[in-house]
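Since the structure comes first, as structure tokens, the remarks are kept for the end.
Throughout, read-outs are computed from the coordinates displayed, never taken from laboratory work. Given the structure is predicted, the values throughout are model-derived calculations rather than measurements. Note: ideal-geometry Cβ built from the backbone for every residue, glycine included; neighbour counts use all protein chains shown.
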């Protein structure tokens, strides 16, 4: 009989529920709308039904459930005051799933889950100290030191996306201004494009300001558009600076970039490396590699599953 766990990736819009084996093969997956449920109780009930269906399809029961979610606290098992979730306050989601399924359940921040996925299934299999940065709608980060995710005393360590990079800058969903993720994320790319167009500049291929995407800006930069190139360069500068500062704290040997913005490849990677090395303390020169993540598109489910495997191993 196969040994399986469930990995659940919770986003503000959708939730992906997967069943995963020890080799990182996803044997079952189903996606539901996070926002379609008026209460956390109804949401948990829907997950329970899907997990039962998945176990029938896989012809075996799962041993544990791992969850990656925004503002999730590994220690408390709760989603705490997530700005982009449909339910406010503190949601004891891990305990709710334990009660509903009878399965051991553990939850962590989605970027921490992705870091575990990188460590178990990705490029960091033989790396003890690394930083994973997720460049999606927001900017998440997971710090791994000596093969352990850094949680801090309260479960919320490692929030690189909420380091202030511009004092008095853009309003962030966390309530502060100038956070890194308001500049270095898909949302930040679009924000910068809006600012550029409103200042009178043009971007090749952009005909409607309302329909701008980060991918459009990356493609325009790859094609040589000067405005798009300037936007990407400024994003790379801020990211390179933030990463150089982060190295001073945990001294990783590797930094992995993952997510939609990272999928532009060398367009973001090359200038980020340039600025990173420019800002890096000389003690670390030549010692830190910045690479693209080796995780596939369904990395969030694999990361959540990795969390479950780590808990029961």
Modelling each spin label as a point 7 Å along the Cα-to-Cβ direction, I'd like the residue 148/residue 289 distance in nm, to one decimal. 2.6
Would you mind computing, in nm to one decimal, how far apart the modelled labels at residue 223 and residue 23 are, each placed 7 Å from Cα along Cα→Cβ? 4.3
The chain: angle of helix 40-58 to the longest principal axis, Cα-based, in degrees nearest 10: 70
Pick the calculated Kirkwood radius over Cα pairs in Å for this structure from (1) 23.0; (2) 20.0; (3) 20.6? (2)
Please give the helix 299-312 orientation as an angle from the longest Cα principal axis of the chain, in degrees from 0 to 90, rounded to the nearest 10. 50
Arranged by the count of other C-beta atoms within 10 angstrom, fewest first, what order do 310, 274 take? 274, 310
Exposure proxy check: 110, 233, 195 ranked by fewest other beta carbons within 10 Å? 195, 233, 110
How much length is gained if the chain between residue 249 and residue 60 is pulled fully straight, taking 0.36 nm per residue apart and subtracting their Cα-Cα distance, in nm to one decimal? 63.7 nm
By average C-beta atoms within 10 angstrom, highest first, the peptides 281-291, 140-150: 140-150, 281-291
If you average 1/r over all unlike Cα pairs in the range 126-292 and invert the result, what Kirkwood radius do you get in angstrom? 16.3
Using label points projected 7 Å from each Cα along Cα→Cβ, tell me how many nm separate residue 209 and residue 76, to one decimal. 4.0
Divide by every residue of the chain the summed helix terms, -39500 (n - 2.57) for each DSSP H run of at least 4, and state the resulting mean residue ellipticity at 222 nm, rounded to the nearest 500 deg cm²/dmol. -12000 deg cm²/dmol
For the range 1-144, what does the alpha-carbon gyration tensor say about shape, rounded, prolate or oblate, given a ≥ b ≥ c as the root eigenvalues, a/c under 1.5 as rounded, and a/b over b/c as prolate? oblate
What ranking of 9, 225, 23 emerges when the number of other C-beta atoms within 10 Å of each C-beta is taken as an exposure proxy, fewest first? 23, 225, 9
Taking N as the residue count of the range 196-260, its alpha carbon Rg divided by 2.2 N^0.38 Å gives 1.39
So what's the angle, to the nearest 10 degrees on a 0 to 90 scale, between helix 110-121 and the longest Cα principal axis of the chain? 80
Just to be sure I understand: of the beta bridges DSSP finds with both ends in the chain, what percent are antiparallel, rounded to 5? 60
How far is the Cα center of the range 268-291 from the Cα center of the range 1-78, in Å? 37
Take every DSSP beta bridge with both residues inside the range 126-292 and express the antiparallel ones as a percent of the total, to the nearest 5. 55
